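First comes the structure, then the notes that go with it.
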């Protein structure tokens, strides 16, 4: 999720990662690769019929009264640069009416 | 006496054939030939074409032909990796359990040596010969209650209905499978969790575990096949999506399963008297209605 001011400057950026995470159970380092993974240590994936809710608070820098917010939900296949953008929502959000 | 003589002659004629069938594949070509399903294409062209584009038809190639088992063949890369590919055995590749189940029962260690060498050479053409073919699902993996129902019969395919006379030189009969349209058919390979039967545990797909414990428990009642093998022209789609190499098709599948809602507000938050702070709030809600976690594995 990003928020950009009218001049294009990024004023906020954050990510959430939803996926099961595994180790080899011999230490606490996360691993990828079926041949070395042994057990999930944490699972933040999207579960059936469950809602994953987030609330992002973005304090605006001085002088910025409006931003373009972009929320992008992507699915990474194997590696971060091989991804599918499932949804992308862009909204202009302003303080002034 | 004449009948006994005929039986004896018949036994002599049949025995060598049985021995050949019992032999295990020593090479990639031998195993590929043993489970070759190309004869299915002439009558089941549409289904065959779907399967040819599926990951089942390239089960050892990984996503976008990545040869994902290469670390297993590479010295020091995994606990299974041999010092020398010539020392590879079937045990070097625990992933065969699902990615090439026919190798477990029908191949010798020499097959694993050739496979390890092909991986290290990056020989995609050779590795690509190995597939989860029609015969694997419709015979080899078609019966799970082997004690009560017996092992899959030679010359018999298993499908959605009985066909007394199937016009094929090898598979002359089709029997109705008890499980072919149930999730457990897929669950044989698409995973409950860690595979602890190996000398070192491995964990790949856990979709079936997710289905069992976190989909059924919430009232979900569909089988895997109802979403992943939806009927086209009255027949189950054997692409068995997703096809991870088809990013656009996969995107549509994900969009069908997932919903995202975004709500925003801009205001001035009053921290204390006279201290108004400009604030934007973005609330997101993501739901999904698939029969398993997204993503898995």
Within the range B:268-295, residues at the interface with chain A (Cβ under 7 Å from one of its Cβ atoms) and outside any strand (DSSP E or B) come out as B:289, B:290, B:291, B:292, B:293, B:295
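Just to check your reading of the model, which residue among B:212, B:199 is within 22 Å of residue A:34 (Cβ to Cβ) and more than 21 Å from the chain's Cα centre (by Cα)?
Values: B:212 fails: more than 21 Å from the chain's Cα centre (by Cα).
Unique residue meeting the criteria: B:199.
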Open item on the list: Condition (residue is free of Cβ contacts under 8 Å to residues at least 24 places away in the same chain and assigned to a loop (DSSP other than H, G, I, E, B)) applied to the range B:249-267: is it met by at least one residue?
Closed with: no
Within the range B:63-103, restricting to residues that are surrounded by fewer than 18 Cβ atoms within 10 Å (Cβ to Cβ) and within 10 Å of chain A (Cβ to nearest Cβ), the one that is nearest to residue A:77 (Cα to Cα) is B:63
For the structure I just gave you, tell me whether residue B:296 is touching a strand residue (DSSP E or B) at 6+ places or on another chain (Cβ under 9 Å) and closer than 23 Å to residue B:64 by Cβ. yes
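Among the residues of the range B:187-226, what is the count of those that are in contact with a strand residue (DSSP E or B) (Cβ under 8 Å, 6 or more places away or on another chain) and away from chain A (no Cβ under 12 Å)? Don't jump to the end; show me each part of the working.
Going through the range B:187-226, the residues in contact with a strand residue (DSSP E or B) (Cβ under 8 Å, 6 or more places away or on another chain) turn out to be B:193-195, B:201-204, B:206, B:225.
Now restrict to residues that are away from chain A (no Cβ under 12 Å): B:225.
Adding up the residues that qualify gives 1.
Can you name every residue in the range B:174-210 that is in contact with a helix residue (DSSP H, G or I) (Cβ under 6 Å, 6 or more places away or on another chain), assigned to a helix (DSSP H, G or I) and crowded, with 21+ Cβ neighbours inside 10 Å? Please lay out each step first, then the result.
First pass over the range B:174-210, keeping only residues in contact with a helix residue (DSSP H, G or I) (Cβ under 6 Å, 6 or more places away or on another chain): B:179, B:181, B:183, B:186-187, B:189-193, B:208.
Next, from what is left, pick out any that are assigned to a helix (DSSP H, G or I): B:183, B:186-187, B:208.
Scanning the range B:174-210 gives B:183, B:186, B:208.
No lab work stands behind these numbers, since they all come straight from the coordinates. Nothing here was measured: the structure is a model prediction, and the numbers come from that model. FYI the Cβ positions are ideal-geometry reconstructions off the backbone, even for glycines, and counts take in every protein chain you see.
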